[in-house]
Amino acid sequence: MSPLAARTAQNSHLATSPATGSRHMELLTAHRRVDPRFRYMAMLLVTCLLSGLVAYVVLRVGEITSAAQHPPVETSLEPWDGVGRWAVCPGDFTELKEAGYKISGETVMETSIEYIPHVSGKSLHCLIVDLRSWRWSSKQPWFTLCGVGYIQIYVWSEEHWQYVAHENYGNYAGFRVQKRKLGRHNGVDTNVHDVFSFSNWGEDTPISDARERCSVWTPVLDQPTPSSGCGALQFFIQDSYVEVHIEQGVMPQVWTLFGSVGGYLTILSLIFNLCFVRKYPDGPIAKEYDALTWTGEAWCSSLFATVSQRRDPAPETLGFSQRRDPAPETLGFPVFPPGIRQPAGANAQASE
């Protein structure tokens with residue numbers, strides 16, 4: 001490896017070290033560490049790099065504020081997670097005596113009798129079939145909703161009851177169901193709701209066994225139910241995935257911008273370290289500064305020192321007096337080296 005490649009590798013290691021955040025800030029003053037001969041070139045490079053980053057941030061902030069009324073939409077796909085809540089209601093000026101359903105796989109779902117608002121201002125007494133927890137394994141799942149007499153079908157879509165279709169007794173019709181999810185991310189949470197759409201699977205067909213199209217029946221009114229005169233609507237699901245469209249609010253875009261600025265600062269630091277490398281990469285000070293060690297070395301050293309003190313206690317703790325070396329003058333050696341005299345008055349101060 002050439003010296004220049006080695007220096008570049010060392011500088012790249014510094015740019016991706018754990019202290020990357022602090023080195024981002026050092027980019028502002030990095031030209032001060034450059035050789036005076038090339039310092040102006042370093043200042044020009046840092047100015048160009050940071051100017052481009054500032055221009056990018058200003059441009060993105062302008063785009064975010066200008067698109068506040070029409071924010072960008074993030075689109076993804078996810079599997080079906082149920083088919084929502086459905087209502088089997090009576091037709092105009094009629095009463096629903098009994099209603100039922102049938103699901104592929106003979107799954108039993110939760111039902112309830114509720115009143116839902118109608119466009120005429122009158123509440124409808126309906127059978128609610130909750131299919132939000134329905135999961136299927138077949139390739140083409142379907143479900144059928146039935147009712148005695150003239151019936152109307154509603155689905156909970158876009159946070160309100162949406163009219164789907166109606167059917168008269170003795171008739172059968174099929175529809176294809178499609179679902180999307182629409183929501184908005186405001187930076188704290190995401191509000192998502194289901195949106196259903198339908199397309200005709202076929203025209204109304206008179207049938208004589210409409211009641212047999214549904215297997216689970218629930219009485220809505222406490223009145224005798226006739227043996228005939230039922231209408232049925234069958235719904236098919238062909239798509240395997242649901243489109244999810246999430247509008248991105250201002251705050252999520254700002255947080256994403258801050259995150260991208262950190263990534264761009266890393267790239268700018270790499271560019272600077274590729275252009276200006278260490279002048280003395282093999283110097284003793286540089287090697288000592290860049291030396292690495294294991295993270296737990298200090299902890300292990302203190303632990304070993306504690307264990308050794310417990311194994312080899314001090315002599316005083318065992319009742320022995322520690323022997324001390326005698327003073328130099330008691331052995332006939334001078335206190336001061338030859339040529340150095342004791343200052344006047346030192347003996348008097350020592351005696352005091």
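The values are calculated or read from the model by the stated rules, or taken from the named source; none is laboratory data. This is a predicted model, so every value here is computed, not measured. When we count neighbours, we look across all protein chains shown, and the Cβ atoms used for this are built from the backbone with ideal geometry, even at glycine.
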When residue 43 is evaluated against the numbered criteria (1) modelled with pLDDT of 85 or more; (2) buried (at least 17 other Cβ atoms within 10 Å of the Cβ), which criterion, by number, is the only one it fails?
-> (2)
Filter the range 237-249 for residues that are loosely packed, with under 15 Cβ neighbours inside 10 Å and either not small (Gly, Ala, Ser) or not assigned by TED's automatic domain parsing to the domain that holds residue 201 (or both); the one that is nearest to residue 191 (Cα to Cα) is 241
Some residue of the range 140-158 being surrounded by fewer than 14 Cβ atoms within 10 Å (Cβ to Cβ) and either within 14 Å of residue 235 (Cβ to Cβ) or small (Gly, Ala, Ser) (or both) | yes
Given the structure, is residue 104 in contact with a strand residue (DSSP E or B) (Cβ under 6 Å, 6 or more places away or on another chain) and either at pLDDT 90 or above or of a type in the set (Gly, Ala, Ser) (or both)?
-> yes
Answer yes if at least one residue in the range 56-79 is surrounded by 13 or more Cβ atoms within 10 Å (Cβ to Cβ), in contact with a Gly (Cβ under 7 Å, 6 or more places away or on another chain) and either more than 17 Å from residue 261 (Cβ to Cβ) or in the same structural domain as residue 115 (by TED's automatic domain parsing) (or both), and no otherwise.
-> yes
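I'd like to check which strands (runs of 3 or more DSSP E) are fully inside the range 188-278 and have at least 3 residues that are touching a strand residue (DSSP E or B) at 6+ places or on another chain (Cβ under 8 Å) and more than 16 Å from residue 100 (Cα to Cα).
Fully inside the range 188-278 and qualifying: 190-200, 241-248.
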How many residues of the range 24-45 are among the hydroxyl-bearing types (Ser, Thr, Tyr) and under 19 Å from residue 265 (Cα atoms)? The answer is 1
Evaluate the following for residue 14: is it touching a Ser or Thr at 6+ places or on another chain (Cβ under 8 Å), modelled with pLDDT under 85 and under 15 Å from residue 270 (Cα atoms)?
-> no
Counting only residues that are part of a loop (DSSP other than H, G, I, E, B) and among the acidic types (Asp, Glu), the range 142-184 contains a total of 2
Quick check, is residue 121 more than 30 Å from residue 239 (Cβ to Cβ) and either in the same structural domain as residue 144 (by TED's automatic domain parsing) or in contact with a helix residue (DSSP H, G or I) (Cβ under 6 Å, 6 or more places away or on another chain) (or both)?
-> yes
Answer yes if at least one residue in the range 112-124 is over 30 Å from residue 222 (Cα atoms), crowded, with 18+ Cβ neighbours inside 10 Å and out of contact with any Leu (no Cβ under 6 Å at 6 or more places or on another chain), and no otherwise.
-> no
